[in-house]
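Colleague: Please see the structure below; I have some questions.
The values are calculated or read from the model by the stated rules, or taken from the named source; none is laboratory data. Everything numeric in this text was worked out from a predicted model, so none of it was measured. A quick note on method: Cβ atoms are made from the backbone with ideal geometry, for glycine too, and the neighbour counts reach across all protein chains shown. Surface accessibility is based on the protein's heavy atoms, side chains included, excluding ligands, DNA and RNA. Shrake-Rupley method; radii C 1.70, N 1.55, O 1.52, S 1.80 Å.
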Amino acid sequence: MNLFNIIKNQLIEVIEWTDDSRDTLSYRWPDDDKEIKNGAQLIVRESQQVQFVAAGQYADLFGPGKHTLSTENVPVLSTILGWKYGFQSPFKCDVYYINTRLFTGNKWGTSNPVLMRDKDFGVVRIRAFGTYDFRIVQPALFLKEVAGTDQNFRIDEFADTMRSRIVSVFTEALAKAQVPVLDVATRYGDLGQALVQIINPAMVEKYGIEVTSFVLENVSVPPEVEQAIDKRSSMGAIGNLNDYVKYQMGQAMTSGGEGAAAATLPATMAMGFGMAQEMMKQMQQPAAAAGQPALGTQGAHDAFSPAAAQATPAGTAPALQVYTPEQAAQLLGVDVADVLAELEAGHLKGRKIGANWRIAQAALDEFLQG
């Protein structure tokens, strides 16, 4: 072999890469310390882009097609290497192939709970996981921030590198979207579509990656928040409170025992309040005819007693009708403790003045109507 053939064999004349792995994101073409010949052919296939890197700087980018490497079509490279008047000699340059096809079904998830502020439940810890689809749209930025100088950067390495970054962007997007926890836990599809509009610009700007689809497969919240969500769902399913009370009474009557007594307590109180209203109406009619207070004359000195509430001067608007827990319990035939329990739980609205409760007629009506 003569000297000319030896020199010729040391020059690269054709640069191409056939990807048969289906999981490679970027590939540094091996040059084996050979130089690229002036006028060499660069072959770039569909779903590929080629990024030239010279002297540690990102140079020209080539899309699909067959390219002849000359001064005319590598202007950035010519500037970096100082080819002011063209070049005829071989040159050294790193060649990176970038796979630009869509990579689907990539998993993401929060290894630790994410804190978010919710208008209904305050600060809540949530965990989430799902999948996302992406493609590389800015090869130079992707090589700089993600792949680096790795000769064969694969999807499994990418998953390890990007998982925490995806979660970080997801957390920021969730905070910007201000989505209530109730919607996060029940509307995965709508939330994924909303978040991709926020996540995608951040991923393109930071890593040169376009996220085309972001899917929430599951969002879990602490047990106490789950219980609150279940209670709200139950209240929505109950609908009409009167019908629900009747149903509970029927179920309890068929079961019997102490459980039945406990189950029928809300129904008993509801019925008792209804009876109390009818009794009060009947007592007020003869009392008004006789010019006497209908109930509780012994408490006339108390401004919040029923007697004081009913003592309305002629020609003025009716005063607020109020009851004490003892009076309500006496009328209902239940213990005072049961009435106080409903007040403390907030099911029955009342006003606490000092250590004493006062219950307005409107609050009783609202309790009975559900």
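Colleague: Which condition number in (1) polar (S, T, N, Q); (2) under 30 Å from Leu182 (Cα atoms); (3) more than 27 Å from the chain's Cα centre (by Cα) is the one that Thr131 fails?
Modeller: Of (1) polar (S, T, N, Q); (2) under 30 Å from Leu182 (Cα atoms); (3) more than 27 Å from the chain's Cα centre (by Cα), only one is false for Thr131: (3).
Colleague: Determine which member of the set Leu69, Leu77, Leu42, Leu61 is touching a Cys at 6+ places or on another chain (Cβ under 8 Å) and not assigned by the TED database to the domain that holds Gln138.
Modeller: Matching residue, one of Leu69, Leu77, Leu42, Leu61: Leu77.
Colleague: Name the residue that is farthest from Lys37 (Cα to Cα), counting only residues in the range 67-82 that are of a type in the set (A, V, I, L, M) and open to solvent by 50 Å² or more (accessible area, probe 1.4 Å).
Modeller: Pass one, the range 67-82, residues of a type in the set (A, V, I, L, M): 69, 74, 76-77, 80-81.
Going one step further and asking which of them are open to solvent by 50 Å² or more (accessible area, probe 1.4 Å), we end up with 76, 81.
Working: Val76: 18, Leu81: 15 Å.
Looking at residues that are of a type in the set (A, V, I, L, M) and open to solvent by 50 Å² or more (accessible area, probe 1.4 Å), I get Val76.
Colleague: I need the full set of residues from the range 117-142 which are in contact with a helix residue (DSSP H, G or I) (Cβ under 6 Å, 6 or more places away or on another chain), open to solvent by less than 20 Å² (accessible area, probe 1.4 Å) and closer than 30 Å to Val225 by Cα, in order please. First the steps, then the outcome.
Modeller: Let us first name the residues in the range 117-142 that are in contact with a helix residue (DSSP H, G or I) (Cβ under 6 Å, 6 or more places away or on another chain), namely 118, 121, 124, 136.
With the extra rule that they be open to solvent by less than 20 Å² (accessible area, probe 1.4 Å), the set shrinks to 118, 124, 136.
Hits for the range 117-142 are Asp118, Val124.
Colleague: Quick check on Thr104: is it polar (S, T, N, Q), assigned to a loop (DSSP other than H, G, I, E, B) and open to solvent by 70 Å² or more (accessible area, probe 1.4 Å)?
Modeller: Values: polar (S, T, N, Q): yes; assigned to a loop (DSSP other than H, G, I, E, B): no; open to solvent by 70 Å² or more (accessible area, probe 1.4 Å): yes.
The answer is no for Thr104.
Colleague: For Glu46, all conditions in the list (1) open to solvent by 70 Å² or more (accessible area, probe 1.4 Å); (2) modelled with pLDDT under 90 hold save one; what is the number of the exception?
Modeller: (2)
Colleague: Would you call Phe134 part of a helix (DSSP H, G or I) and not hydroxyl-bearing (Ser, Thr, Tyr)?
Modeller: No.
Colleague: Just a yes or no: is a residue in the range 46-68 among the hydrophobic types (A, V, I, L, M, F, W, C), in contact with a strand residue (DSSP E or B) (Cβ under 6 Å, 6 or more places away or on another chain) and assigned to a loop (DSSP other than H, G, I, E, B)?
Modeller: no
Colleague: Right, here's the next one. How many residues does the range 148-157 hold that are in contact with a strand residue (DSSP E or B) (Cβ under 6 Å, 6 or more places away or on another chain) and either open to solvent by 20 Å² or more (accessible area, probe 1.4 Å) or at pLDDT below 90 (or both)?
Modeller: Of the residues in that region, 3 qualify.
Colleague: Does Glu145 satisfy being surrounded by fewer than 16 Cβ atoms within 10 Å (Cβ to Cβ), modelled with pLDDT under 85, farther than 22 Å from Val221 by Cβ and acidic (Asp, Glu)?
Modeller: no
Colleague: Under 6 Å between Cβ atoms, at least 6 apart or on separate chains: pull out the pairs that start in the range 343-370 with a residue that is open to solvent by less than 70 Å² (accessible area, probe 1.4 Å) and end on any residue that is part of a helix (DSSP H, G or I) and charged (D, E, K, R).
Modeller: Going by the 6 Å Cβ cut-off, the qualifying pairs are Leu348/Glu342.
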